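Q: Sharing a structure below in structure tokens format, with a few things to ask.
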Amino acid sequence: MAPLLEVDDLRVEFGRGADTASVLNGVSYRVEAGETLAVLGESGSGKSVTAQTIMGILDTPPGRITGGAVRFKGEELLGADRERRRLLRGESMAMIFQDALSALNPVYTVGAQIAEQFRFRRGMSKKDAMVRAAELLDQVKIPNASQRVREYPHQFSGGMRQRAMIAMSLALDPELLIADEPTTALDVTVQAQIMELLDELRRERDMGMILITHDLGVVAEVADRIAVMYAGRIVEEADAATLYAHPAHPYTRGLMASVPRLDSSRGQLDPIPGLPPSLTNIPPGCPFHPRCAHAEDRCRTEVPALRQLDDPAAGPEGHRAACHFAERFVAASPEEVLTP
Ligand code: SF4
Ligand code: MG
């Protein structure tokens with residue numbers, strides 16, 4: 001059976017001529033029903049652009065899809081017409097964003113915004129649609145849902161607004177939910193509650209979930225697999241346990257060193273030196289080489305392919321990394337090698 005979602009060698013550019021930015025440079029990943037893939041990387045690594053391309057909401061122009069495929073249950077989406085894409089959005093795949101306040105319309109009640117989908121896509125009466133909206137608010141654990149359904153977005157706290165947006169995204173029972181930095185704007189306690197809620201909903205509904213984040217700490221509890229992106233490429237992918245226990249790419253190791261770890265004796269955090277490259281001028285060879293403490297001559301000229309590693313400890317999906325010397329790192333504990 002075809003996977004729920006398959007992204008295959010996706011390429012996206014922005015701009016023209018000398019200003020062309022190579023935003024996605026051959027991104028491939030898969031998500032199965034009931035599975036959570038966390039996509040991790042710094043801002044500008046291409047995580048959100050990949051998600052927008054999957055959803056069919058990438059602005060073109062300025063964006064331009066120059067290659068690859070996005071298949072949903074085997075159906076190619078990149079060539080599909082607008083009407084088909086519009087139908088799939090909401091019904092089959094939905095997306096939630098960091099900023100619930102700007103995603104919700106301030107002049108309508110939260111309930112009316114959720115109910116709208118039941119009215120227009122399911123032909124329900126206004127009254128029935130509001131009842132369904134209240135049920136959904138209850139499912140996302142908003143207390144007194146039958147009253148709060150009549151309130152406006154500004155009457156909700158940040159965490160409650162995020163719950164309302166989750167409810168809205170689930171209205172038409174999508175099989176795939178993409179959450180783009182869903183907790184970034186929230187405080188730590190609320191972050192954990194939202195992640196727990198998403199995880200629970202994913203399980204109850206057997207949804208596939210893509211969780212986009214720059215924060216490795218946020219996804220630790222809920223990710224089945226993790227794909228790490230850098231400069232529009234996937235540089236490492238493995239099941240979560242493998243990636244945490246023995247990351248193979250120096251960039252992943254750098255991300256891990258900049259997250260507080262409960263099981264670590266190292267008190268101090270080491271952020272990765274330097275900045276991600278400009279996408280109009282990606283360095284030759286390994287795009288990470290200007291920031292990599294382990295770069296050698298070969299790294300400056302030869303692009304490392306994303307390849308399957310010989311890692312007997314990895315799960316059935318294996319362990320992929322795009323580093324010439326990945327074998328050297330995969331055998332070391334996360335804190336070894338990293339500090340030169
Ligand atoms: Fe570092 Fe070279 Fe590996 Fe790139 S290929 S991550 S520069 S060691
Ligand atoms: Mg983003």
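Q: Which of rounded, prolate, oblate describes segment 227-330, given a ≥ b ≥ c as roots of the alpha-carbon gyration tensor eigenvalues and a/c under 1.5 marking rounded, otherwise prolate only if a/b is larger than b/c?
A: Judged from the Cα gyration tensor, segment 227-330 comes out oblate (a/c at least 1.5, b/c at or above a/b).
Q: I'd like the Kirkwood hydrodynamic radius of segment 5-223, using the inverse of the mean 1/r over distinct C-alpha pairs, in Å.
A: 18.0
Q: Here's something else I'd like to know. Name the residues of segment 153-194 whose amide N is less than 17 Å from a point 7 angstrom out from the Cα of Arg122 along the C-beta direction?
A: Flagged as within label range: 164-176.
Q: Tell me the net charge near Gln98. Cut-off is 11 Å between Cβ atoms, Gln98 excluded, with +1 for each Lys or Arg and -1 for each Asp or Glu.
A: -3
Q: For the Cα atoms of the chain, what angle does the longest principal axis make with the long axis of helix 110-122, in degrees from 0 to 90, nearest 10?
A: The answer is roughly 90 degrees.
Q: A further question on this structure: Output ³J(HN,Hα) for segment 54-70: one whole-Hz value per residue in order, computed from phi by the Karplus curve 6.51 cos²θ - 1.76 cosθ + 1.60 with θ = phi - 60°, and x for Gly and Pro.
A: 4, 6, x, 10, 5, 6, 10, x, x, x, 8, 7, 9, x, x, 9, 10
Q: Of the peptides 75-81, 326-332, how do they stack up when ordered by the mean number of other Cβ atoms within 10 Å, highest first?
A: Going from most to least packed, we get 326-332, 75-81.
Q: Let me ask something else. If the reach is capped at under 26 angstrom between alpha carbons, list the lysines near Lys141, excluding any in the same chain fewer than eight residues apart.
A: Lys126, Lys127
Q: Could you sort 306-317, 1-12, 233-244 so that the peptide with the highest average Cβ count within 10 Å comes first and the rest follow in order?
A: In descending order of packing, they fall as 233-244, 1-12, 306-317.
Q: Next question. Classify segment 149-193 from the C-alpha gyration tensor, please: rounded if a/c falls under 1.5, else prolate or oblate depending on whether a/b exceeds b/c.
A: It comes out oblate by the Cα gyration axes.
Q: Under the definition of Cα pairs under 8 Å and six or more residues apart, what whole-number percent is the relative contact order of the chain?
A: 20
Q: Add +1 for every Lys or Arg and -1 for every Asp or Glu among the other residues with Cβ under 15 Å from the Cβ of Val131, and state the total.
A: Local net charge: +3.
Q: Additional query: Is segment 1-102 rounded, prolate or oblate when judged by the Cα gyration tensor, a ≥ b ≥ c being the square roots of its eigenvalues, rounded requiring a/c under 1.5 and prolate requiring a/b larger than b/c?
A: rounded
Q: Can you run phi through the Karplus equation (6.51, -1.76, 1.60; θ = phi - 60°) for segment 17-23 and list ³J(HN,Hα) in whole Hz, with x for Gly and Pro?
A: My calculation for segment 17-23 gives x, 5, 8, 4, 9, 8, 7 Hz in order.
Q: Given H placed 1.01 Å from N in the peptide plane, which residues other than close sequence neighbours of Thr184 have an amide H under 5 Å from its amide H?
A: Answer set, sorted by chain and number: none.
Q: Another question, then. Using modelled backbone amide H atoms (1.01 Å from N, in-plane), which distant-in-sequence or interchain residues come within less than 5 Å of Tyr152's amide H?
A: HN-HN under 5 Å from Tyr152: Val110.
Q: Still on this structure, please answer the following. HN-Hα J couplings of segment 239-244 from phi, Karplus 6.51/-1.76/1.60, θ = phi - 60°, integer Hz, Gly and Pro as x?
A: 5, 4, 4, 5, 5, 6
Q: Follow-up. If neighbour count is taken as other Cβ atoms inside 10 Å, put Cys323, Cys286 in order from fewest to most.
A: Cys323, Cys286
Q: Related question: Residues with amide H under 5 Å of Val39's amide H, sequence separation 5 or more or different chain, H placed in the peptide plane at 1.01 Å from N; which?
A: Correct list: Leu211, Ile212, Thr213, Ala227.
Values in this text are rule-based calculations from the coordinates and carry no lab data. From a predicted model like this one, the values you see are computed outputs, not experimental measurements. In this analysis, Cβ positions are derived from the backbone assuming ideal geometry, glycine residues included, and neighbour counts consider all displayed protein chains.
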